[in-house]
1. Residues LYS123, LYS46, LYS66: which one is over 13 Å from the mean Cα position of the chain (by Cα) and of a type in the set (Lys, Arg)?
2. Report the residue count in segment 55-95 for those that are over 21 Å from THR19 (Cβ atoms) and either of a type in the set (Gly, Ala, Ser) or free of Cβ contacts under 8 Å to residues at least 24 places away in the same chain (or both).
3. So which residues in segment 105-122 are surrounded by fewer than 17 Cβ atoms within 10 Å (Cβ to Cβ) and not in a strand (DSSP E or B), if there are any at all?
4. Please go through segment 1-58 and pick out each residue that is loosely packed, with under 13 Cβ neighbours inside 10 Å, of a type in the set (A, V, I, L, M) and not in a loop (DSSP other than H, G, I, E, B).
5. For segment 72-82, indicate whether the set of residues that are modelled with pLDDT of 95 or more and within 23 Å of ASN13 (Cβ to Cβ) is non-empty.
Amino acid sequence: MAYMYFNSNPIGNRVGDCTVRAISALTGASWDDTYMGLSLQGFMDKDMPSSNSVWDAYLRHLGYNKFIAPNCPNCITVNEFANEHPKGRFLLATGSHVVALIDGTWLDTWDSSMEKIIYYYTKQEE
């Protein structure tokens, strides 16, 4: 499986917006639309758009379900998860980072392959 550079931020920022970038990649929405959606959710929840509870509610509203990563507390890496999930769309969450995984390729502004996944989101197949 592989890493691919991805940055949907309109001015190329790479710090502090990993949640927006990852959800943008996962859903195919623009960075602007994703940011606005998260901001609206944060406004309704009276919390910051980057808060775990805010983007959790946003993803659940879009039909995504949350799962605990396999083998925790020893948790698998982004690369290991990608090897085990060569098909599908996932949002992977570490302790401090969020990355999109689409058909075995993680899309990010840096190679986060060795980050340990704590939980992930995906839509159930219908």
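The values are calculated or read from the model by the stated rules, or taken from the named source; none is laboratory data. All values derive from a computational prediction rather than experimental measurement. Cβ placement follows ideal geometry from the backbone for every residue including glycine, while neighbour counts extend to all protein chains displayed.
1. LYS46
2. Going through segment 55-95 one residue at a time, the tally reaches 7.
3. Those that are surrounded by fewer than 17 Cβ atoms within 10 Å (Cβ to Cβ) and not in a strand (DSSP E or B): TRP110, ASP111, MET114, ILE118.
4. Selection gives ALA2, MET4, MET44.
5. yes
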